[in-house]
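J.: Below is one structure. I have some questions about it.
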Amino acid sequence: MQYNVTVIGSGPGGYVAAIRCAQLGFKTAIVEKYDTLGGTCLNVGCIPSKALLDSTEHFHNAAHTFKEHGIDIPEPKVNIKQMIARKSDVVKQNVDGIAFLMKKNKIDVLKGVGSFVDKNTIKVTAKDGKESSITTDNVIIATGSKPTALPFAPFDNRWWRCDWYGAWVSLCAHWVESFCGRIFRQPHSYDGRNHGQRIVEVHQKVGDGILPGPQGHSHRK
Ligand SMILES: Cc1cc2nc3c(=O)[nH]c(=O)nc-3n(C[C@H](O)[C@H](O)[C@H](O)COP(=O)(O)OP(=O)(O)OC[C@H]3O[C@@H](n4cnc5c(N)ncnc54)[C@H](O)[C@@H]3O)c2cc1C
């Protein structure tokens, strides 16, 4: 298959570039190695974390501000399973939305790892190892970034030496503490007060086991 533009990576950098290229009349393909489009942001980063923060805010209001407004309700309880289900649904709506936009703009989605054979030929290696090649006039590399551990400071995901999973866990720790803070200390809101200190405390007291992986990709590399 011959394309004017091939975009490697379907995160916010890649899918927006692909849509714009298609709108400008270029025959465009996008290559993504994971099952869903949207990259870190939609699958495991911004969107799921903000979906959970949104739940946190509702809980905080129910627990702390309703009374002041003259709304009396029984003490709210957290249903973590439902919150995670809602978060996953928000993520699904977003990644499905990107898939729809690809279709609408007639962008071919190629699932697999993209690699250069030469400057105009991209090899796509699917999960099952099957290889295919496309030729292209131009390539946009939008593969995002991964943190690199320094020799003297390997990732431990406990403090500031976080890979993205550590960032996720830290956010979840913050979120869990927002709900469970009263168990460990006093009630907290979802804001950033003493954020780092509280993350460490949650890690120490709860451990990683309580923190569910995002979208089942908890070790997405
Ligand atoms: C927990 C967390 C929370 C975050 N919250 C926010 C926030 O609130 N606001 C904000 O602005 N940013 C946030 N970010 C950062 C944001 O997610 C990134 O800045 C953004 O995703 C970068 O977009 P990108 O397109 O450059 O790369 P990515 O989103 O990483 O996308 C790159 C894509 O390329 C694919 N890819 C890589 N190599 C290949 C290959 N060879 N072949 C095929 N596909 C390949 C990857 O699978 C991936 O899907 C957050 C990040 C994390 C981890």
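Just so you know, all these numbers are worked out from the coordinates, no wet-lab data involved. On a predicted model such as this, the values are computed, not experimentally measured, just so you know. Every residue, glycine as well, gets a Cβ built from its backbone with ideal geometry; the counts of neighbours run over all protein chains shown.
J.: If r is the Cβ-Cβ distance from Gln82 to Lys127 and R0 is 25 Å, what FRET efficiency results, to the nearest 0.05? Write down the numbers at each step before the final one.
T.: Working: r = 31 Å, r/R0 = 1.25.
About 0.20, to the nearest 0.05.
J.: Using θ = phi - 60° and the Karplus relation 6.51 cos²θ - 1.76 cosθ + 1.60, list the HN-Hα couplings for the range 90-102 in order, rounded to whole Hz, with x at every Gly or Pro.
T.: Per residue, the Karplus-derived 3J(HN,Hα) values read 4, 4, 4, 4, 5, 5, 5, x, 5, 4, 5, 5, 5 Hz.
J.: Could I ask something else about it? On the principal axes of its Cα set, how long, how wide and how thick is the range 2-141? Give whole Å, largest value first.
T.: Here the spans come out as 66, 34, 20 Å, largest first.
J.: Please check which bits of the range 20-44 a label hung off Thr135 would reach, taking the label as a point 7 Å along Cα-to-C-beta and the cut-off as backbone N under 15 Å.
T.: What the label zone holds, given the 15 Å backbone N cut-off, is no residue at all.
J.: Could you run the Karplus curve 6.51 cos²θ - 1.76 cosθ + 1.60 with θ = phi - 60° over the range 109-124 and give me ³J(HN,Hα) per residue in whole Hz, x for Gly and Pro?
T.: Result, rounded to whole Hz: 9, 10, 8, x, 7, x, 9, 7, 8, 8, 5, 10, 10, 10, 8, 10.
J.: Count of lysine pairs in the range 1-87 with Cα atoms under 24 Å apart, counting only pairs 8 or more residues apart in sequence or on different chains? Mind showing how you got there, number by number?
T.: Details: Lys33/Lys87; Lys50/Lys77; Lys50/Lys81; Lys50/Lys87; Lys67/Lys77; Lys77/Lys87.
Eligible lysine pairs with Cα atoms under 24 Å apart amount to 6.
J.: Report the FRET efficiency, 1/(1 + (r/R0)^6), for Asp96 and Phe152, where r is their Cβ-Cβ distance and R0 is 30 Å, rounded to 0.05. Kindly include the intermediate steps, with their values, before the conclusion.
T.: Working: r = 43 Å, r/R0 = 1.44.
The value I calculate is 0.10.
J.: Here's a follow-up. Phe66: net charge of surrounding residues, Cβ under 13 Å, Lys/Arg +1, Asp/Glu -1, itself excluded?
T.: Values: positive: Lys67; negative: Glu57, Glu68, Asp72, Glu75.
Net charge around Phe66: -3.
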